[in-house]
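Comments concern the structure below.
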Amino acid sequence: MRIIITSDLHYNVARSRGPTEAIAREICSTGGDVLLFVGDSASTDLSVLDQVLGLFESFKGVKLLVAGNHELWTIGGADSLAKYEREVAESCRRNGVHYLDESPIRLGDIGFVGNVGWYDFSFRPAAMRIPLRFYRHKVAPGAAACFEKHRHLLAEDADVPPAAREVTSRWMDGERVRLPMGDVEFTQALACKLRRHLEEIEAQVERIIVGLHHLPFAELVPRTIIPNWAFAGGFLGSELFGETLLEFPKISHVFCGHSHREMTCRKGHLFCKSIGSTYRAKQYEVLDM
């Protein structure tokens, strides 16, 4: 079985459209048995998801997809959970794509499981000493000082080091994602769903491939000395997903996106890879089994 995995096509972004079209032609020409998209194919406008999946219409194998955080982005305070659970699923059905966030799938003796994943701030860089409340509001201290709605985070600021006040980045999920629960609760719910899907298919297959948009292990978080980028590490994934994956010995490979950096690691019986597509350069992995 030839499995092709790609991520972060961001077809809604102008500078990503040409590279996405080029990689679609290459993947369809190369061919394979399974094509797995691991998130951030589109964003607020899901008609773009229809467009990008249409680029792969000539791929003859089975197509699978997990959502990315950008697929949960909304405008005007719409419900991100409804978009995740219903609207992305409907787009997948329209385009003949199996939505792994909804259910796992068995292909021969291989099971495919996955979902968007999320973050509970367990990957935040401790050395920066930025208090947790800033991560919960998805704004660094330097940015909080610039926005009226976030200045309350600095009302009691004795715990904010001087260097942290120079960090000015924001995580835009804070403006675009509207969930009926907190990030930690959402992470826990998704980890429970991942476990449930793994348990559902485990006895039916010899091997399991997992796709997650967010990162399950700290070893996949890119290292950087740039403070604004380092702050973003807190939003790249959760160790809870890694702990869950390690409990299932039939999982051989885990593929993710989100970080825009190609990285690999081995954790116990798992080979893990973040695909590494950027906005201008799209990547894919080929796995022959």
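The values are calculated or read from the model by the stated rules, or taken from the named source; none is laboratory data. Source: prediction; values computed, not measured. Glycine also receives a Cβ, built like all others from the backbone with ideal geometry; neighbour counts cover every protein chain displayed.
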Considering every residue within the stretch 14-28, establish whether at least one is over 20 Å from TRP171 (Cα atoms), surrounded by 13 or more Cβ atoms within 10 Å (Cβ to Cβ) and in contact with a helix residue (DSSP H, G or I) (Cβ under 6 Å, 6 or more places away or on another chain).
-> no
Considering GLY108, GLY68, which residue is over 19 Å from the mean Cα position of the chain (by Cα) and of a type outside the set (S, T, N, Q)?
-> GLY108
Selection from the stretch 161-175 of residues surrounded by 19 or more Cβ atoms within 10 Å (Cβ to Cβ) and of a type outside the set (Asp, Glu) yields ALA164, VAL167, ARG170, TRP171
Check off (1) part of a loop (DSSP other than H, G, I, E, B); (2) in contact (Cβ under 8 Å) with a residue 12 or more places away in the chain; (3) within 22 Å of SER7 (Cα to Cα) for LEU179 and give me the number that stays unchecked.
-> (3)
State which residue is nearest to GLU185 (Cα to Cα) when the search covers only the stretch 235-260 and only residues that are within 12 Å of the chain's Cα centre (by Cα) and of a type in the set (S, T, N, Q).
-> SER238
Identify, please: which residue in the stretch 261-289 is β-branched (Val, Ile, Thr) and within 15 Å of the chain's Cα centre (by Cα) and is, among those, nearest to VAL221 (Cα to Cα)?
-> ILE275
Residue by residue through the stretch 236-289, note down the ones that are without any contact (Cβ under 8 Å) to a residue 60 or more places away in the chain, assigned to a helix (DSSP H, G or I) and crowded, with 17+ Cβ neighbours inside 10 Å.
-> GLY242, THR244, LEU245
Filtering the stretch 75-122 down to residues that are within 26 Å of GLU202 (Cβ to Cβ) and of a type in the set (S, T, N, Q), which residue is surrounded by the fewest Cβ atoms within 10 Å (Cβ to Cβ)?
-> SER103
Within the stretch 199-225, can you find the residues that are assigned to a helix (DSSP H, G or I), of a type outside the set (Asp, Glu) and either surrounded by fewer than 21 Cβ atoms within 10 Å (Cβ to Cβ) or touching a helix residue (DSSP H, G or I) at 6+ places or on another chain (Cβ under 6 Å) (or both)?
-> ILE201, ALA218
Helices (runs of 4 or more DSSP H) fully within the stretch 1-117 counting 1 or more residues that are at pLDDT below 95 and closer than 24 Å to MET263 by Cβ = 14-30
